[in-house]
Amino acid sequence: MTRATYRFREHTIGPDRRPEAERTKAEMQCKPCGKGSEASEQFTDGTAWAVDHLKANPGHLEYRELIIRPYRFEPGDWQ
Ligand SMILES: [Zn+2]
């Protein structure tokens, strides 16, 4: 049997604001049918997509905005 010693480290999670982090994006999704717009960094794009989607699908009245926001753990001190 192999024996191992482990060390533990505190981590703090928060929004990843590094330049190389994934960009924050939003996407509009139709609640009745589940179809969605392209994820975009321009948050207002979703409402334009919803207007077009409503014209093509008059009964689709409810939508949800999905936010893609990168988070990252920052390692702290070793315990
Ligand atoms: Zn729809």
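Give me the pairs: first residue in region 11-30 and surrounded by 15 or more Cβ atoms within 10 Å (Cβ to Cβ), second residue among the aliphatic types (A, V, I, L, M) and in a loop (DSSP other than H, G, I, E, B), beta-carbon distance under 6 Å, and six or more apart or on different chains, which are they?
Matching pairs, first to second residue: LYS25/ALA39; GLU27/ALA39.
Looking at region 45-57, I want the residues that are under 15 Å from GLY34 (Cβ atoms) and have a partner that is within 12 Å of the ligand (Cβ to nearest atom) and of a type in the set (Phe, Trp, Tyr) with Cβ atoms under 7 Å, at least 6 apart or on another chain. Which pairs are those?
Once the first residue is under 15 Å from GLY34 (Cβ atoms) and sits in region 45-57, its partners that are within 12 Å of the ligand (Cβ to nearest atom) and of a type in the set (Phe, Trp, Tyr) give ALA50/TYR63.
Readers should treat all values here as calculations from the given coordinates under stated rules, not as data from a laboratory. All values reported here derive from a predicted model rather than from experimental measurement. With ideal geometry, Cβ positions are generated from the backbone for all residues, glycine too; neighbour counts draw on all protein chains shown.
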